[in-house]
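So the structure is just underneath, and the comments pick up after that.
Just so it is clear, none of the values below were taken in a lab; they were calculated from the coordinates. Fair warning: this is a prediction, and the values are worked out from it, not measured in the lab. Glycine also receives a Cβ, built like all others from the backbone with ideal geometry; neighbour counts cover every protein chain displayed.
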Amino acid sequence: MTNQQISSNRLDEKEHAKVEKSNDVRDLFKNKFFQTILVSNVLLQIGIWVRNFALLMFVTDQTNNDPFAVGLMGFVEFLPIFIFSFIGGTFADRWKPRLTMIRCDYLSAVSVLVVLITLKLGSWHMVYLATFLSAILSQFSQPSAMKLFKQHIKPAQLQQAMAFFQSLMAIFMVVGPSLGVITYQRFGIEISIGVMGVAFLLSAIVLYRIPKDKEVKQEKPTKGQFWSELSAGFQYVWRSPMLKSLGGAFALAGIAVGIVQTLSIFVVMERLEQPKQFLQYMLMVNGVAMLVGGALVMTLAKKVSPQKLLALGMLISSLTMIGIGWSTSVPLTLALQFISGLGFPCIQIGISTLILQSTEEKYVGRVNGVLSPMFVGMMVIMTLVAGQLKVYFPLVSIYSIAGIMMFAGMSLIVPLFKYRPSVMMEQR
């Protein structure tokens, strides 16, 4: 075969790969479930970000920036993850996922209406209830959404689908805070709450486009069956080398992220010697990078395994955490923030894909319910501890420890490179 023929064959292979990739993307967007879940998520993100920032600004206005009142908003948002994540995941495996999501969105809209009525009657403290109830319902809705991804997306397209989903989340991480603040400042708290309610209601209506849940004959629940199912979820994770390693990586990543999120304001003021308002620019740079990172992952989705994608993201986060802690240069810190943002979609997409590919459909909700609190739990604990660490240790040392923790989490994933998720399920 001549060099010209070899070159021609290579070109044909590249063209074939391009066509195949284009067809995959087209098929994904022709998927009725995927179209619907994207539109629903846009509406939910609008409601969530208006809730997070409009209510936060309202509370600061009502309490004259009282730190306890502001901190309580975060507390009522994260507390349900500890209490209801295991429960929500277990019931998500028992209930019909499509119907569960629709009901959760309807209930969120109703809770917002109740808060609006109480505001009219003069009781503003009910805004905490809106956040609390919305956070509870999300613990039932999120694992149900994961089950639907497992049902309606082809295994070969899961990572690509998650990349699109993550990119959408990244867009709202950039525009969401401004959306919440502008809505509150221009229209006030009542209109802001109305926007939340309408967004949740429209999301519920849109979800009716998803194909109806499969009818599965279930035995009548017996006394103690719930606890038996919950225990089975923990055992399922423990028996899986993939999921067990993911749990350890989750916990270590939560420690690192909790430290960094809490102390980033001190990096701005002490290491960079900038006013605290400069933090918003660091977050914007990070958000833009997440968009770019999500787009890059879409191109790599079929070439890189989710294990390697996750490990790459954690390695990038580890190195940039250490670099940001040591840096005293504004341009260098912003560059590191950008690089860190590129790695974040790798972590999110890698985790979601691994959970879906490594878990049988009937256990998806419980696995999600077991693993999520490991990350959030350690993050919240370190949010409380990080302030005390700052009293006794220099910022450089604390950020270096956070980076080492993230690296340790990454090291738990590396031994899994040789496995494919389908093989891990067979080994159970």
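Using the structure shown, select from LYS120/LYS150; LYS147/LYS308; LYS390/LYS418; LYS147/LYS390; LYS32/LYS120 the pairs with a Cα to Cα distance greater than 32 angstrom. Result: LYS120/LYS150; LYS390/LYS418; LYS147/LYS390; LYS32/LYS120 exceed 32 Å. The ranking of CYS346, CYS104 by Cβ neighbour count inside 10 Å, starting from the fewest, reads CYS104, CYS346. Using the Cβ-Cβ distance between VAL114 and LEU300 with R0 = 45 Å, the FRET efficiency computed as 1/(1 + (r/R0)^6) comes to roughly 0.50. Taking the Kirkwood radius as Rh and the Cα radius of gyration as Rg, the range 30-210 has a ratio of Rg/Rh equal to 0.98. Annotation: extensible slack from GLN274 through LYS32 equals 82.3 nm (criterion: 0.36 nm per residue apart, minus Cα-Cα distance). Just to confirm a number: summing +1 for Lys and Arg and -1 for Asp and Glu over residues other than ARG51 whose beta-carbon lies under 15 angstrom from that of ARG51, what do you get? For residues surrounding ARG51, the net value is -3. Determine the shape class of the range 293-410: with a ≥ b ≥ c the square roots of the Cα gyration tensor eigenvalues, call it rounded for a/c under 1.5, and otherwise prolate if a/b is greater than b/c, oblate otherwise. Verdict is oblate for the range 293-410.
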